[in-house]
Amino acid sequence: MQKYIETTGENRDAAIAAALKQLGMDRDDVSVEVLDNGKKGFLGIGATPARVRVTYEVPDEPVKAPEPVHTPVEKAEKPAAPKAEKPRHADKPAPAPKADKPPRAEKPRAEKPQKLSITDADDTPRLVKAAPADFVPEKLEIERPPRRERPRRERGGRRERRPREERPITPSVPKERELIPVSEECMKKAEQLATDFITGLLEKMGVEGQVKTLPQVDCDQLRLEISGSDMGPIIGRRGDTLDAIQYLGSLVLNNALDEHVRLSVNTENYREKRAESLERLARKMAMKVVKSHRSMTLEPMNPYERRIIHAALQDFNGVTTYSTGTEPGRRVVIAPDNSYRNRS
């Protein structure tokens with residue numbers, strides 16, 4: 001079962017350190033989600049603390065057995081009160097007393113069934129045959145696991161440290177995408193559909209912009225660029241809005257066309273700038289992992305950005321990368337490459 005706590009600090013690292021100190025755990029045992037990076041402000045004015053959410057695993061609580069339900073006992077019915085006798089008239093004579101009836105013969109009571117005995121002295125039938133007096137039960141042979149040998153002690157009284165078992169880590173290597181050529185007629189139809197859809201979407205959003213087609217690089221990819229005076233709302237926070245526009249356009253193309261066309265939407269060269277910043281971040285975090293010999297987990301990213309991180313560190317000596325978690329919170333983990341350390 002997963003639980004989480006939220007802590008604040010002067011910056012993101014301080015908030016994470018406060019959460020780890022409160023839980024008493026290591027960085028590798030928890031998953032960190034940055035809720036607010038905070039602001040330093042100007043001369044301390046307008047500063048806001050950073051806030052993070054730390055998720056950790058706890059054992060499941062045992063399920064309690066349901067309490068027995070007591071059914072109410074019905075109350076015994078009270079005997080009816082005797083009816084009052086009516087007053088007799090003085091003119092009528094009193095009835096003569098009835099003659100005593102002879103007592104009834106008592107019925108013989110049924111005898112209670114005797115309990116079955118398991119002794120030899122009783123001749124009554126029994127369900128279980130008594131064991132003889134000289135019966136000795138056989139001992140069950142149970143295979144016990146071999147006794148674990150304790151580590152030997154050195155002369156100084158210290159125990160020898162056992163080598164720590166290293167868990168195998170499967171590195172993530174970006175796979176080469178298989179390119180399936182798209183016909184020229186289908187590509188023209190895809191260009192018209194995507195341009196009309198994104199233009200109508202910009203009008204609904206109230207953003208002035210033009211959509212134009214970029215030169216084709218791959219045989220199965222359609223590249224579009226949105227240009228305008230203010231493209232901030234189109235990009236969104238870390239490109240979330242731009243990714244959403246590209247995803248919706250891909251759905252429109254795949255539902256209307258018989259061939260698969262990959263759509264790429266860009267504005268103000270944002271994709272290239274984002275790729276460069278991710279590569280710088282990957283190399284910076286890899287250097288920290290090499291120095292500290294501890295794994296580091298990046299923030300959640302989409303598959304396109306995670307592929308950039310894996311490709312940037314594919315040939316970086318001393319580290320390996322893999323992904324963990326589920327969408328949309330899947331993250332990249334940069335871990336020390338122990339096999340490289342053993343080789344060196």
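The values are calculated or read from the model by the stated rules, or taken from the named source; none is laboratory data. Model, not experiment: these values are computed from the prediction. Because the Cβ atoms are built from the backbone with ideal geometry, glycine has one as well, and the counts that use them run over all protein chains shown.
Annotations for the structure displayed:
- Candidate set from the stretch 4-18 (those that are over 23 Å from Pro336 (Cβ atoms) and aliphatic (A, V, I, L, M)); member that is surrounded by the most Cβ atoms within 10 Å (Cβ to Cβ): Ala15
- The residue that is surrounded by the fewest Cβ atoms within 10 Å (Cβ to Cβ), among those in the stretch 306-341 that are assigned to a helix (DSSP H, G or I) and at pLDDT 90 or above, is Ala311.
- Among strands (runs of 3 or more DSSP E) entirely within the stretch 186-272, having at least 3 residues that are more than 28 Å from Leu35 (Cβ to Cβ) and among the hydrophobic types (A, V, I, L, M, F, W, C) singles out 221-227.
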